[in-house]
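Here is the structure we will look at.
The values are calculated or read from the model by the stated rules, or taken from the named source; none is laboratory data. Fair warning: this is a prediction, and the values are worked out from it, not measured in the lab. We place every Cβ from the backbone using ideal geometry, glycine too, and count neighbours over all the protein chains shown. Side chains included, ligands, DNA and RNA excluded: accessible areas come from the protein's heavy atoms. Shrake-Rupley method; radii C 1.70, N 1.55, O 1.52, S 1.80 Å.
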Amino acid sequence: MGTAAPEVTEGSEIEAGFGAAIAGAAYGTLAVLGVVLGVLGGFSHAWEVLGVPAAAIGWVVVLFAVPYGMGRLMRTRMAALILVVGWMATVFLFAGRRPEGDLTIAANVAGYVYLYGGAVAVLVAILLIPSTGGSWLIRQNVRIK
């Protein structure tokens, strides 16, 4: 009457585990890349050219391009989001005042351009990545025969 369920072989379980390990390694690498972007940007955003915070503006462009590119390459918004979480965690640590009174990201024009411009850039990058499926709100886990 009905069709039999496909057999599950050991090879397919191994391949599924290998695919999950590769995906986990990719997401871990993206988190580290986000931290690296935060560290590099935190220490170099204040460079100016003729009074214009050129490095901060450049970092805003980079902070749009890298998450957008990674999200498009991996075909998921999660890739961009993980990278952004690594960047934001680093930037929030750098923007806080230390007990000695030092700041890595100061409250000046370059710091504001880097922080707020970067936050807007990563948000726009995540929103511009195409969705990979239907909305999770209307998706139903029901099979119709």
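Within region 108-145, restricting attention to residues that are surrounded by 10 or more Cβ atoms within 10 Å (Cβ to Cβ) and more than 20 Å from the chain's Cα centre (by Cα), which residue is modelled with the lowest pLDDT?
For region 108-145, the residue satisfying everything is ALA110.
When residues of region 75-101 are filtered for being outside any helix (DSSP H, G or I) and either open to solvent by less than 40 Å² (accessible area, probe 1.4 Å) or more than 17 Å from SER131 (Cβ to Cβ) (or both), how many remain?
Within region 75-101, residues that are outside any helix (DSSP H, G or I) and either open to solvent by less than 40 Å² (accessible area, probe 1.4 Å) or more than 17 Å from SER131 (Cβ to Cβ) (or both) number 7.
Report the residue count in region 48-74 for those that are assigned to a loop (DSSP other than H, G, I, E, B) and either in contact (Cβ under 8 Å) with a residue 24 or more places away in the chain or open to solvent by less than 40 Å² (accessible area, probe 1.4 Å) (or both).
Of the residues in that region, 2 qualify.
Filter region 1-41 down to residues that are at pLDDT 85 or above and of a type outside the set (A, V, I, L, M, F, W, C) and give me whichever is surrounded by the most Cβ atoms within 10 Å (Cβ to Cβ).
Ranking the qualifying residues of region 1-41, first place goes to GLY34.
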